[in-house]
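To keep things clear, I will list the structure first and then write my remarks on it.
The values are calculated or read from the model by the stated rules, or taken from the named source; none is laboratory data. For clarity, every value in this text was computed on a predicted model and none was experimentally measured. Cβ sites come from the backbone with ideal geometry, for glycine too, and all protein chains shown count toward neighbours.
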Amino acid sequence: MRPPELFRFCPRCAAPRAPENVGQSPLRCGPCGFTFYFNPTVAAAAFVSRPDGRVLFIRRAHDPAAGKLGIPGGFIDIGETAEDGLRREIREEVGLEVENIRFVMSAPNAYLYRDVTYPVVDLVFTAVAISPDAAGALDGVTSIEWRFLRDVADDELAFPSMRVSLATIRAGIA
């Protein structure tokens, strides 16, 4: 279920939404005039490399896509820049500090969590690990793998946005 489908009443005045408007964005309440836009959340992730050219992949511990490969990253908190959120997520997931953060691309994604499908815009970066040997599996990660990009099959990756960004990097477009 998408977030606009969950709001059957106005969050300000509790007036019921007209049945034909349930699931529509923005939510517009006739009785009180309140308008609420359902926008995607933002996530940032990075292809983190080390000097030998290998890139860090994480093995996801939880759904969605438990057991699949991902790149370290996660949701950006309110008040954070994409780069600051990316640094925080990388520290939380694998304990690394990174430098030379470069934007690659953005891609839409859908993130199913507790029966709600959240629309997400993934911001994908490349970065360089400062001390790659310090990496370890931490929050939400079962294991880590340093791999050459050519050795990663698309069907191993957790999300379509990762497959698109990997193809972009491999093609040298970024």
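Among the residues of the stretch 28-61, which ones are small (G, A, S) and outside any loop (DSSP other than H, G, I, E, B)?
In the first step, residues of the stretch 28-61 are kept if they are small (G, A, S); the result is 30, 33, 43-46, 49, 53, 61.
Correct list: A43, A44, A45, A46, S49.
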For this session: Give just the number: which of (1) at pLDDT 95 or above; (2) not in a helix (DSSP H, G or I) does T117 not satisfy?
Result: (1)
Seminar exercise, completed: By residue number, the members of the stretch 150-169 that are hydroxyl-bearing (S, T, Y) and either modelled with pLDDT of 95 or more or over 16 Å from I58 (Cα atoms) (or both) are S165, T168
Seminar exercise, completed: For the stretch 1-22, the count of residues that are farther than 18 Å from R114 by Cα and in a loop (DSSP other than H, G, I, E, B) equals 10
For this session: Consider only pairs whose beta carbons are under 7 Å apart and that are at least six residues apart or on different chains; among these, list those whose first residue lies in the stretch 156-167 and is closer than 20 Å to Y113 by Cβ and whose second residue is assigned to a helix (DSSP H, G or I).
Result: L157/R163; L157/L166
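May I ask you to verify whether G23 is among the small types (G, A, S), surrounded by 16 or more Cβ atoms within 10 Å (Cβ to Cβ) and farther than 27 Å from F125 by Cβ?
yes
Return a yes/no flag: does the stretch 95-106 have any residue that is of a type outside the set (A, V, I, L, M, F, W, C), surrounded by 14 or more Cβ atoms within 10 Å (Cβ to Cβ), outside any strand (DSSP E or B) and outside the structural domain of P4 (by TED's automatic domain parsing).
First, pick out the residues of the stretch 95-106 that are of a type outside the set (A, V, I, L, M, F, W, C): 95, 97, 99-100, 102, 106.
From what is left, the residues that are surrounded by 14 or more Cβ atoms within 10 Å (Cβ to Cβ) are 95, 106.
Still in the running and outside any strand (DSSP E or B): 95.
Retained after the next criterion (residues that are outside the structural domain of P4 (by TED's automatic domain parsing)): 95.
Within the stretch 95-106, one or more residues are of a type outside the set (A, V, I, L, M, F, W, C), surrounded by 14 or more Cβ atoms within 10 Å (Cβ to Cβ), outside any strand (DSSP E or B) and outside the structural domain of P4 (by TED's automatic domain parsing).
Yes/no matrix, rows are residues, columns are (1) under 30 Å from I130 (Cβ atoms); (2) modelled with pLDDT of 95 or more:
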position	(1), (2)
L6	no, no
P11	no, no
P19	no, no
F36	no, no
F47	yes, yes
A66	yes, no
